[in-house]
């Protein structure tokens, strides 16, 4: 079979290649072209270019190239004719073949058509006043009304109604291969979905490729509980569970706009969240969230928020792909609900609870670390040692050295070991990137503090009043900040330290001045240090409130405000307003005799003091 060159050109001319590829890849306009992450290989920075004027694409990374037909062939796994016919149908262009379409070539088209017809039949059963009454009542109990039924195309397969397979135009030999159903012991064709509410599952172009079904309670009771609650179409030539995400066709634009994809486990979770205005949400289709799912989502989002059930199985599922952050260039958050609730139930109970959970999603490494530390046995030093080793193994692969240093401090707080003791357990390469190793006669051990101090050295005027002595617990760092803040240049800062006469501080200054900060974002460096010190000071304040008999009314009033500021800065480290407010609070608190800061033995490793009171050449 063949199509004329004229028909091929008509189809290509009628196809908006930017819109076509934009349905699979998040594209941004750059000049006269569009760029995005290549769908044909893994990459972190966009090297995939689409030329809408000429109707072609090219990847500067893997050198994939072609036109709209090539793109459909490569992404959908179809041949030239199938790709051409798909594009013609999409663009409403009528083309005529010179020969009859062979049955094997048309197999996928038959399956797509069959699923569309069956979807319409299921929808008709659900809205039928009698047949769909029980199913509509069940959905209503779950908070799914008429509008959601319409938007998501929900249907119903009555258990006592004969499915008109022949009238629907589905050929018997396609029934099992296409995932529609199976043959019973009598050889009759049986619907996978009978007795179930039906959720059509669509590909990224919006074509129905499978169904998910939830059995009605009455039907489950009739079968004496011998049927699974949830059932999905079997895999077929047009449906792969580990690559298909429910609602991606509708959520794609919202995911691109937000830069975040929220992943749930259930169809009703998606519908419930969509109903309260959370549109960037998808769900897996009866299988665990996989690397193949991630391959698909990485084309649209740089962050994935896992929003699973609060039970142990759901929370454990959130841990499976944490190691993909570094290799994929995508970050994972975990949103947590009170135990016993799934997102759909929580939405029905209190939509604000869901919004709060999503707004307070935590990085997946922190989530895993907190679970480990909270569930660990810390009764004896041996037990604490085992927990600490497990926790260190968990964080050592984190790509951000500033965050890794903060996690080491968390482990120290929970296990009672000092940061120095914990650092000694990390591999040397990781240790050197987390905390600075000994250089010359000076030992610098606190990475977040070091990076903030390095920023001040290179911008003493701009960071004057921001990087303040009260942010540091090491007396050397505090003294350096006091002497160099406001200096008009590196040379003037150097002169001040020379006038001070401290060789130790001068050597530390030259170490910091010789290299710019490794972080591209100074706000993130400062926010990391401010958050750590604010949490420590808040904890110290809380302990003082419990132990002191003095009138601390004014301090008590500060606690909620400071906690709110910490939450605001933690959610977005680029916010300077809460960061500045916390710096001001720290300055005030650390000047109060009640809460006079002292360097904790469990927080830093110090060199022994020399005779002149400066830090000596120990270690």
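Worth pointing out:
Listed here are the residues, each with its yes/no results for (1) in the same structural domain as residue 251 (by TED's automatic domain parsing); (2) touching a strand residue (DSSP E or B) at 6+ places or on another chain (Cβ under 8 Å); (3) surrounded by 15 or more Cβ atoms within 10 Å (Cβ to Cβ); (4) over 30 Å from residue 349 (Cβ atoms).
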site: 130; (1), (2), (3), (4): no, no, no, yes
site: 135; (1), (2), (3), (4): no, yes, yes, no
site: 166; (1), (2), (3), (4): no, no, no, yes
site: 172; (1), (2), (3), (4): no, yes, no, yes
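- Inter-residue pairs, beta-carbon under 9 Å, first in the same structural domain as residue 261 (by TED's automatic domain parsing) and in segment 22-40, second modelled with pLDDT of 90 or more, 6+ apart: none
- Residue in segment 271-290 that is under 17 Å from the mean Cα position of the chain (by Cα), in contact (Cβ under 8 Å) with a residue 12 or more places away in the chain, farther than 21 Å from residue 26 by Cα and in a helix (DSSP H, G or I) present: yes
Yes/no matrix, rows are residues, columns are (1) out of contact with any helix residue (DSSP H, G or I) (no Cβ under 9 Å at 6 or more places or on another chain); (2) on the phi < 0 side of the Ramachandran plot; (3) loosely packed, with under 15 Cβ neighbours inside 10 Å; (4) not assigned by TED's automatic domain parsing to the domain that holds residue 18:
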site: 46; (1), (2), (3), (4): yes, yes, no, no
site: 58; (1), (2), (3), (4): yes, yes, no, no
site: 63; (1), (2), (3), (4): yes, no, yes, no
site: 69; (1), (2), (3), (4): no, yes, no, no
site: 72; (1), (2), (3), (4): no, yes, no, no
site: 85; (1), (2), (3), (4): no, yes, no, no
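A quick yes/no check of all residues on (1) in a helix (DSSP H, G or I); (2) outside the structural domain of residue 142 (by TED's automatic domain parsing); (3) over 30 Å from residue 295 (Cα atoms):
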| residue | (1), (2), (3) |
| --- | --- |
| 333 | no, yes, no |
| 346 | yes, yes, no |
| 354 | yes, yes, no |
| 358 | yes, yes, no |
| 378 | no, yes, yes |
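- Checking each residue in segment 139-152 for being touching a residue at least 40 places away in the same chain (Cβ under 8 Å) and closer than 16 Å to residue 128 by Cβ picks out only 139.
- Among the candidates 493, 487, 581, 523, residue that is modelled with pLDDT of 75 or more, surrounded by 13 or more Cβ atoms within 10 Å (Cβ to Cβ) and assigned to a loop (DSSP other than H, G, I, E, B): 487
- Single residue of segment 209-228 satisfying the filter (in a loop (DSSP other than H, G, I, E, B) and at pLDDT below 90) that is nearest to residue 306 (Cα to Cα): 228
- Residue match in segment 311-324 (condition: crowded, with 20+ Cβ neighbours inside 10 Å, modelled with pLDDT under 85 and under 28 Å from residue 415 (Cβ atoms)): yes
- Taking the listed residues 261, 210, the one that is under 21 Å from residue 112 (Cβ atoms) and under 36 Å from the mean Cα position of the chain (by Cα) is 210, with no other qualifying.
- Positions within segment 360-376 being outside any helix (DSSP H, G or I) and assigned by TED's automatic domain parsing to the domain that holds residue 263, in sequence order: 360, 361, 362, 363
- Counted residues, segment 252-278 - those being over 17 Å from residue 143 (Cβ atoms) and in contact with a helix residue (DSSP H, G or I) (Cβ under 6 Å, 6 or more places away or on another chain): 1
- Residues (outside any loop (DSSP other than H, G, I, E, B) and farther than 24 Å from residue 198 by Cβ) located in segment 291-306: 291, 292, 294, 295, 297, 303, 304, 305, 306
- Residues satisfying the stated conditions in segment 109-124, i.e. in contact with a helix residue (DSSP H, G or I) (Cβ under 9 Å, 6 or more places away or on another chain) and at pLDDT 95 or above: 123
- Any chance residue 389 is part of a loop (DSSP other than H, G, I, E, B), surrounded by fewer than 18 Cβ atoms within 10 Å (Cβ to Cβ), at pLDDT 65 or above and under 27 Å from the mean Cα position of the chain (by Cα): no
- Total residues in segment 153-206 satisfying the condition of being without any contact (Cβ under 8 Å) to a residue 40 or more places away in the chain and assigned to a loop (DSSP other than H, G, I, E, B): the figure is 14.
The values are calculated or read from the model by the stated rules, or taken from the named source; none is laboratory data. Everything quoted here is computed from the prediction, not taken from an experiment. As a convention, Cβ positions derive from the backbone with ideal geometry for all residues, glycine included, and neighbour counts pool all protein chains shown.
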